[in-house]
Amino acid sequence: MLDDVKAGPRLALRAAEDRGTADHGWLKTAYSFSFADYYDPKNTHFEALRVINDDWIAGGKGFPMHPHQDFEIFSYVLEGSISHKDSMGNGSTVKAGGIQYMTAGSGVMHSEFNPSATDPMKLLQIWLIPATRGAKPRYEVMDLSPEDKDGKLALFISEDGRDGTIRTLAPAEVYAGTFDGDQKASLTLRDGRRGWIQVARGSVHVNGQKLTHGDGLAVLDPGEVSIHDGEDAEIVVFDLKQLS
């Protein structure tokens, strides 16, 4: 349940312990929004943000070939690496710090596996709802170095693909950052925009609200989002068009 925590801009917490979970042995996951067998009518999506799955995948395991359509899907790799193959003929392995991105569009098949026989892999799997349906499928990868996001918010997905970022068909822009000690950063949400901050590891404060691993925080109004007082924190930040 999203719980209001303070005003100006209004914030709403999606606490880690309130997420749905699944344990398949080889896959341990937590769902911020309704997914698969987990359904929460109060948490089906947030604007164009449809899925945030916090996945742990055992060595040599993964998802065999399966279809997607009309979603913008990306994996944000935290530990280990992920190998991808798809019906467009793409194949790649993305290591920690990397992003693999796919426009499913009119339809695509793909598989994702942990290529290590022994080491587990951790990632955030994220789906965005595109503004247009039936687009031509495409696949792209990107690396963010530790320096790119050290104490700052690094834009890596944008609606116009500016500055070498991945272009998305969703009404969204996505940043990543790592914060520790006195490092600070801020993002100003324009009129008609909302935000979501997902903590991938560690802990951090957002506008005075402390968040820990797995927490999500919705920013319900335009205004300044201040990131501060992190402890080995890594976050993904979404700047989303308000759809309703």
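Read-outs: derived from the displayed coordinates by stated rules, not from any lab. Everything numeric here is computed off the predicted structure, so don't read it as measured data. Heads up, the Cβs are rebuilt from the backbone with ideal geometry, glycines too, and the neighbour counts pull from every protein chain shown.
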Provide the per-residue ³J(HN,Hα) series for segment 12-18, in order, calculated from phi with Karplus coefficients 6.51, -1.76, 1.60 and θ = phi - 60°, each as a whole number of Hz, with x at glycine and proline positions. 9, 8, 10, 5, 3, 6, 8
Under 5 Å, built H, 5+ apart or other chain: amide partners of Arg138: Thr103
Sequence neighbours fewer than 8 away in the same chain don't count; with that in mind, list the aspartates and glutamates whose C-alpha is under 12 Å from Lys28. Asp54, Asp55
Can you tell me the order of 203-209, 135-141 when each peptide is scored by its average per-residue count of other Cβ atoms within 10 angstrom, highest first? 203-209, 135-141
Among Asp37, Asp221, Asp55, which one shows the biggest mean-square fluctuation in a GNM of the chain, springs joining Cα atoms closer than 10 Å? Asp37
Whole-Hz ³J(HN,Hα) from phi, Karplus 6.51 cos²θ - 1.76 cosθ + 1.60, for segment 33-48, glycine and proline x: 10, 3, 6, 6, 7, 8, 9, 10, x, 8, 9, 9, 5, 9, 6, 7
Please list, or write none, the lysines whose alpha carbon is within less than 16 Å of the alpha carbon of Lys42, excluding same-chain residues fewer than 8 places away. none
Fewest-first ranking of Trp26, Trp196, Trp56, using other Cβ atoms within 10 Å as the exposure measure: Trp26, Trp56, Trp196
Packing-based order for 78-86, 147-155, using average beta carbon neighbours within 10 Å, highest first: 78-86, 147-155
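Ignoring everything except DSSP H segments at least 4 long, calculate the 222 nm mean residue ellipticity for the chain; use -39,500 (n - 2.57) per segment, divide by total residues, nearest 500.
Working: 1 runs with 4 residues, N = 244.
The per-residue figure over the chain is 0 deg cm²/dmol.
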